[in-house]
Amino acid sequence: MAGRPRALLTLATDAEEVASGLHVFRGRLVGHANRITAAIGRLFDISSLLRQLDRAQTDRDYAPSFHRIREDVDLPIPSLERTLRDVFDMFARSRTRSCDVVWEDLQHQMGHEEGIELPERLGLYYAFLRAQLEILGGGLPLSALLNFRNQIHALQDAQEAGNSRSRRPAMVESVAHIISLYPRFIGHSKSSTDDIPAPQFEMAITCEPFNGDQLWMRLYWRPPDGRARILIMAKDRYGEDLHYCMPVVNLKAIRDRSSIQLCRARRDGTYILWARLNFVIYERMVLFYSTFVAMKHQDQRQVPHGNLLDYLELSGEGGEHEVFGGEIKDGELRHALRLFKDRSSGVVRLEASALRGPMKDVPLWTAFITRYVGDPDWVCNERGGLVSLAAVRPPPYILHAGYQPPRRGTDEYLLHFTASEDARQFVESWTGLCRQPSPYR
């Protein structure tokens, strides 16, 4: 405890200094003004949260409960320190290079090499720290920190990778920030078909703003029966809040280039557009789509019509191409394993889904492995249909609570194919993928 107060207060001061420096940068980078403004706001928010946590350690009401979050308070400090140091380094480089160049270099490092750009990672720090304060106040269960811990660990791994040129996913649980257990609504609200989620619904994920800051999305679920709803929040031309809510089972997700269209189905088999979500980063689209489909099929209400079923909707013209498909096993469970490469972004990923039963083709986990393309030795065909993956970082994104893919050690994941021929073809498919031009070109 001795070092923590100083660390928190020092970080708070550093965050404010970075915000002040970015304020000067913003005037020189008109084309990036919106994102820099967002980063400045988040930095001041983070500074405020750090100071609140510092005070909570000695507060009469909160200090006795501080043991609940003691380890989590320390967790993001190294990553946040490194992020702030990188921005300070950018300021130093601006003395000899143009502001445009040093800003774009920083965004390349953070976005393409470390997987999450400055405004988004500041949003992650902010959401993690805020959740800790809410736990301290009794407003959130401790389990709300699990996803944040995974995201912070993955970000730290990427930062430690240093000069790696790999492109990493944007952590969309990255996208998924648990802000508060129940939403608080103000202003005017509209609801299509169903009311805004009632208090018994818990927030599953909330996405960063779409279309600038004009639209927000949240997914809710109700633990007893798995009921899931999606909430879209927007503003009208007068600045009033609009809320549109729909059961997830009543919508179909359809990819249209860099967007996901959420549609209602007509009886004649055609669709009515309900909402369109535009994604800048492909990995975020994948994770939203996969989470949407997984929650949809865990809802005990069930999908009311076959036209609303989702099947490989990220494929199609300009979309994902299936490089390999085979069957793997985990004990008595049988899963379909697919290796995808997206034609538009070059992103390569693995996906395991249920092979049979009512959850057939519903994603269980997905792993982004673009960074390993070019290394044929990353996969190893052992014996009896067993293929090992040397490392998967960040680890696979789990879409069904409680499930973990088989692995050996910390980072080595195992694929147990039901047929040795499938194992051989998977390795050949990976080797062929490695011979193709780099996805970063």
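The values are calculated or read from the model by the stated rules, or taken from the named source; none is laboratory data. Quick caveat: nothing in here was measured; it's all calculated off a predicted structure. Here the Cβ is made from the backbone with ideal geometry for all residues, glycine too, and neighbour counts use every protein chain on show.
Could you list all residues from region 250-274 that are small (Gly, Ala, Ser) and either modelled with pLDDT under 85 or outside the structural domain of residue 221 (by TED's automatic domain parsing) (or both)? Steps first, answer last, please.
Step one: list which residues in region 250-274 are small (Gly, Ala, Ser), which gives 253, 258-259, 265, 269.
Of everything in region 250-274, those that are small (Gly, Ala, Ser) and either modelled with pLDDT under 85 or outside the structural domain of residue 221 (by TED's automatic domain parsing) (or both) turn out to be 258, 259, 265, 269.
Could you check, for region 294-310, whether at least one of its residues is in a loop (DSSP other than H, G, I, E, B), closer than 27 Å to residue 116 by Cβ and within 25 Å of the chain's Cα centre (by Cα)? First the steps, then the outcome.
At the first step, the residues of region 294-310 found to be in a loop (DSSP other than H, G, I, E, B) are 299-305, 309-310.
Cutting the leftovers down to closer than 27 Å to residue 116 by Cβ gives us 310.
Within this subset, residues satisfying the condition of being within 25 Å of the chain's Cα centre (by Cα) are 310.
Looking through region 294-310, at least one residue is in a loop (DSSP other than H, G, I, E, B), closer than 27 Å to residue 116 by Cβ and within 25 Å of the chain's Cα centre (by Cα).
Name the residues in region 37-62 that are within 16 Å of residue 126 (Cα to Cα) and of a type in the set (A, V, I, L, M), would you? I'd like the intermediate steps shown before the answer.
Let us first name the residues in region 37-62 that are within 16 Å of residue 126 (Cα to Cα), namely 37-54.
Across region 37-62, the qualifying residues are 38, 39, 40, 43, 46, 49, 50, 53.
Looking at residue 13, is it outside any helix (DSSP H, G or I) and either surrounded by fewer than 14 Cβ atoms within 10 Å (Cβ to Cβ) or not small (Gly, Ala, Ser) (or both)? Please lay out each step first, then the result.
Values: outside any helix (DSSP H, G or I): no; either surrounded by fewer than 14 Cβ atoms within 10 Å (Cβ to Cβ) or not small (Gly, Ala, Ser) (or both): yes.
The answer is no for residue 13.
Out of (1) more than 20 Å from residue 332 (Cβ to Cβ); (2) of a type in the set (A, V, I, L, M); (3) touching a helix residue (DSSP H, G or I) at 6+ places or on another chain (Cβ under 8 Å); (4) free of Cβ contacts under 8 Å to residues at least 40 places away in the same chain, the odd one out for residue 386 is which?
Every listed condition holds for residue 386 apart from (1).
Restricting to region 380-430, name every residue that is among the hydroxyl-bearing types (Ser, Thr, Tyr) and over 18 Å from residue 351 (Cα atoms). Steps first, please.
Just the residues of region 380-430 that are among the hydroxyl-bearing types (Ser, Thr, Tyr), to begin with: 388, 397, 403, 410, 413, 418, 420, 429.
Residues satisfying the conditions are 410, 420.
Given 144, 154, which one is more than 25 Å from residue 391 (Cα to Cα), at pLDDT below 90 and part of a helix (DSSP H, G or I)? Write out each step before concluding.
On the way: 154 fails: more than 25 Å from residue 391 (Cα to Cα).
Going through 144, 154 in turn, the sole match is 144.
Could you please tell me which pairs satisfy a Cβ distance under 9 Å, a separation of 6+ or placement on different chains, a first residue in region 135-149 that is within 19 Å of residue 401 (Cβ to Cβ) and surrounded by 14 or more Cβ atoms within 10 Å (Cβ to Cβ), and a second residue that is aromatic (Phe, Trp, Tyr) and at pLDDT 85 or above?
Hits for this filter: 145/128; 148/128; 149/128.
Considering only residues that are part of a helix (DSSP H, G or I), in contact (Cβ under 8 Å) with a residue 40 or more places away in the chain and aliphatic (A, V, I, L, M), which ones fall in region 16-32?
18, 22 - these are the residues of region 16-32 that are part of a helix (DSSP H, G or I), in contact (Cβ under 8 Å) with a residue 40 or more places away in the chain and aliphatic (A, V, I, L, M).
From the set of residues in region 313-335 that are assigned to a strand (DSSP E or B) and surrounded by 18 or more Cβ atoms within 10 Å (Cβ to Cβ), which is modelled with the lowest pLDDT? Don't jump to the end; show me each part of the working.
Taking region 313-335 and keeping what is assigned to a strand (DSSP E or B), we get 315, 320-330, 333-335.
Next, only the ones that are surrounded by 18 or more Cβ atoms within 10 Å (Cβ to Cβ) stay: 320, 324, 326, 328, 335.
On the way: 320: 89, 324: 94, 326: 94, 328: 95, 335: 94.
It comes out as 320.
Looking at region 62-81, can you tell me whether even one residue there is among the small types (Gly, Ala, Ser), over 29 Å from the mean Cα position of the chain (by Cα) and surrounded by 14 or more Cβ atoms within 10 Å (Cβ to Cβ)? First the steps, then the outcome.
Of region 62-81, the ones among the small types (Gly, Ala, Ser) are 63, 65, 79.
Then drop every residue that is not over 29 Å from the mean Cα position of the chain (by Cα), which leaves 63, 65.
Now restrict to residues that are surrounded by 14 or more Cβ atoms within 10 Å (Cβ to Cβ): 65.
Within region 62-81 (the criterion being among the small types (Gly, Ala, Ser), over 29 Å from the mean Cα position of the chain (by Cα) and surrounded by 14 or more Cβ atoms within 10 Å (Cβ to Cβ)), the answer is yes, since at least one residue qualifies.
Say whether the condition of being of a type in the set (Phe, Trp, Tyr), buried (at least 19 other Cβ atoms within 10 Å of the Cβ) and in the same structural domain as residue 409 (by TED's automatic domain parsing) is met by at least one residue in region 367-380. Explain how you work it out, then say what you get.
Taking region 367-380 and keeping what is of a type in the set (Phe, Trp, Tyr), we get 368, 372, 378.
Then keep just the ones that are buried (at least 19 other Cβ atoms within 10 Å of the Cβ); that gives 368, 372.
Filter once more, so that each one left must be in the same structural domain as residue 409 (by TED's automatic domain parsing): 368, 372.
Yes, because at least one residue in region 367-380 is of a type in the set (Phe, Trp, Tyr), buried (at least 19 other Cβ atoms within 10 Å of the Cβ) and in the same structural domain as residue 409 (by TED's automatic domain parsing).
Testing residue 46 on (1) over 27 Å from residue 283 (Cα atoms); (2) buried (at least 18 other Cβ atoms within 10 Å of the Cβ), one condition comes back false. Which one is that?
Going through the list (1) over 27 Å from residue 283 (Cα atoms); (2) buried (at least 18 other Cβ atoms within 10 Å of the Cβ), residue 46 breaks only (1).
Of the residues 73, 102, which single one is within 21 Å of residue 160 (Cα to Cα) and in contact (Cβ under 8 Å) with a residue 24 or more places away in the chain?
Only one candidate passes the filter, namely 73.
Please enumerate the residues belonging to region 362-401 that are under 29 Å from residue 146 (Cβ atoms), of a type outside the set (A, V, I, L, M, F, W, C) and out of contact with any His (no Cβ under 9 Å at 6 or more places or on another chain).
366, 370, 371, 372, 388, 393, 396, 397, 400
Do we find a residue being outside the structural domain of residue 147 (by TED's automatic domain parsing) and loosely packed, with under 12 Cβ neighbours inside 10 Å anywhere in region 388-398? Can you show your working first?
Kept after step one, since they are outside the structural domain of residue 147 (by TED's automatic domain parsing), are these residues of region 388-398: 388-398.
When the remaining residues are screened for being loosely packed, with under 12 Cβ neighbours inside 10 Å, the result is none.
Scanning region 388-398 turns up no residue that is outside the structural domain of residue 147 (by TED's automatic domain parsing) and loosely packed, with under 12 Cβ neighbours inside 10 Å.
Yes or no: residue 128 touching a residue at least 40 places away in the same chain (Cβ under 8 Å) and either exposed (fewer than 15 other Cβ atoms within 10 Å of the Cβ) or among the aliphatic types (A, V, I, L, M) (or both)? Reasoning before the result, please.
Working: touching a residue at least 40 places away in the same chain (Cβ under 8 Å): yes; either exposed (fewer than 15 other Cβ atoms within 10 Å of the Cβ) or among the aliphatic types (A, V, I, L, M) (or both): no.
Taking the combined requirement at face value, the residue does not satisfy it.
Can you report the number of residues in region 42-71 which are more than 24 Å from residue 146 (Cα to Cα) and touching a Pro at 6+ places or on another chain (Cβ under 9 Å)?
The total comes to 1.
Can you tell me which residues in region 338-363 are surrounded by fewer than 17 Cβ atoms within 10 Å (Cβ to Cβ), among the hydrophobic types (A, V, I, L, M, F, W, C) and over 18 Å from residue 328 (Cα atoms)?
none
Would you say residue 293 is at pLDDT below 90, within 25 Å of residue 216 (Cβ to Cβ) and buried (at least 20 other Cβ atoms within 10 Å of the Cβ)?
Numbers: at pLDDT below 90: yes; within 25 Å of residue 216 (Cβ to Cβ): yes; buried (at least 20 other Cβ atoms within 10 Å of the Cβ): yes.
Spelling it out, residue 293 is indeed at pLDDT below 90, within 25 Å of residue 216 (Cβ to Cβ) and buried (at least 20 other Cβ atoms within 10 Å of the Cβ).
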